[in-house]
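We did not get these values from a lab; they are worked out from the coordinates using the rules stated. Computed from a predicted model, the values in this text were never measured in an experiment. Using ideal geometry, Cβ is built from the backbone for each residue, glycine included, and neighbour counts are taken over all protein chains shown.
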Amino acid sequence: MILRLKDSVSDIQATSLAQAIQAILVLEPEGWVLVASAKVKEVPAAAAGLVKEAIPTATDLQLASRTYREETRSVQLHKDVVVGGNSGNTVMIAGPCSVESREQLHAAATFVDGLGIKMLRGGCYKPRTSPYTFQGLGEEGLQLLADMRKEFGMNVVTEVRDATHVDTVIEYTDVIQIGAKAMYDHGILKAAGASRKPVLLKRGFGTTLQELAQAAEFILSGGNPNVMLCERGIRTFETKTRFTLDLCGVAWLQEHTNLPVILDPSHAMGYRYGVPALTRACAAMGIDGLIIETHPDPDVALSDSAQQLTFKQFEEMYQSVEPILAAVGRKMV
Ligand code: PEP
Ligand code: MN
């Protein structure tokens, strides 16, 4: 249950009430709210008189639910880029899977900037499936991203692999990416909740929609309202494609959660050939954003080589998506 507190309730009163009723106190853009378990169905006696509105929820999908907040939350990713709210924007986040070198990242940033894209992606701490493959440049890579931000005026999105370097990533990045393998890490979720930077929370490939939404609740209840969900493919019985992009799940997230939804067709497909058409399918769903991998020379990429688009493929795809977005009342930013 969510309790919106009256404006007259002081910070001290709110804090002691939270303790008394075992609820989490969260400062939302409109003021203090208390979030108790969804099992609580009536306003606790201790809170009577201090509550302006009580919102019972069916499950622990609470702060992220449309029951609580009908409009999609608005998240500012860059001075010129907002998603959600009534913006009608679909943000494009593009760049290589991994930051590999200054030359590689600079080439990608130059290309992406040339299309007017404001959000550059690139991983520096890679959660690889094998320990014998490229693990990322670490802080050196973060510094390269910072250099691109400075040169091109773009903002950067980079992922946190584990809690050991979460503070370093948060310090450097503009958008904290929590990857599919990291989304259950409570150290990361808590650190992201303590920050105010936007968070791109990816769905684990064996994660239900409810579990994804509840992982987002850890960040929201930590006090960070700037959360976006990312569908990047789940594991099914099918092995011909890397994963299966769950567009039904996207419709569910759009219907039931108030968080912007970003789609990642690159990791879902796993192969270049399918990514442009999948991207168009995503655009037709009226989504809030896309994150797509592109590399100056995908064949020699140190991670996710098969799925990264060439610049030529990316540009053709980019142009073909704009009219589809327009047809569903959206514009690319
Ligand atoms: C990535 O974005 O490069 C990545 C590792 O994604 P995911 O966490 O979805 O596998
Ligand atoms: Mn990748």
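Summary of values
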quantity	calculated
J(HN,Hα) series, region 26-32, from Karplus relation 6.51 cos²θ - 1.76 cosθ + 1.60, nearest Hz, glycine and proline x	10, 8, 8, x, 9, x, 5
37 °C / 0.692 mPa s Stokes-Einstein diffusion coefficient of region 77-210, Kirkwood radius on C-alpha pairs, µm²/s	215 µm²/s
Above-threshold pairs, the threshold being 32 Å between Cα atoms, out of K190/K312; K39/K181; K150/K190; K41/K126	K190/K312; K41/K126
Loop-resident sites, region 48-83, for trypsin sites (Lys or Arg not before Pro), counting at most 15 other Cβ within 10 Å (DSSP)	R66, K79
Cut-off of 10 Å, at most 13 other beta carbons, DSSP loop: longest stretch of the chain lacking such GluC sites (Glu not before Pro)	72-237
Semi-axis lengths (Å, descending) of the ellipsoid that matches the C-alpha gyration tensor of region 1-67	17, 13, 10
Debye, to nearest 20: dipole size of region 186-333, +1 on Lys, Arg Cβ, -1 on Asp, Glu Cβ	240 debye
Cα point-scatterer Debye curve for region 41-143, base-10 log of I(q)/I(0) at q = 0.10, 0.16 Å⁻¹	-0.55, -0.86
Distant-in-sequence amide H partners of L309 (H built 1.01 Å from N, under 5 Å)	E293, T294, H295
Projected-area mean, region 163-268, by convex hull of Cα positions, square nanometres	6.4 nm²
For the chain, built as a Gaussian network whose Cα springs stay under 10 Å, the top-fluctuating residue of V40, V166, V157	V40
Rounded to whole Hz, the Karplus (6.51, -1.76, 1.60) HN-Hα couplings of region 214-226, x for glycine and proline	6, 5, 4, 4, 4, 6, 4, 6, x, x, 9, x, 9
Stokes-Einstein D (µm²/s) once Rh is taken as the Kirkwood radius of region 181-330 over alpha-carbon pairs, at 25 °C in 0.890 mPa s	153 µm²/s
Estimated translational D of the chain in µm²/s (Stokes, Kirkwood radius over Cα pairs; 4 °C; 1.567 mPa s)	64 µm²/s
With at most 10 neighbouring Cβ atoms within 10 Å, loop chymotrypsin sites (Phe, Trp or Tyr not before Pro) (DSSP) excluded, longest segment of the chain	1-131
Residue among T129, T15, T57 with the largest mean-square fluctuation in a Gaussian network model of the chain, springs linking Cα atoms under 10 Å	T129
J(HN,Hα) series, region 190-199, from Karplus relation 6.51 cos²θ - 1.76 cosθ + 1.60, nearest Hz, glycine and proline x	5, 5, 5, x, 7, 8, 10, 6, x, 10
Which of V321, V99 has the fewest Cβ neighbours within 10 Å, and the rest in rising order	V321, V99
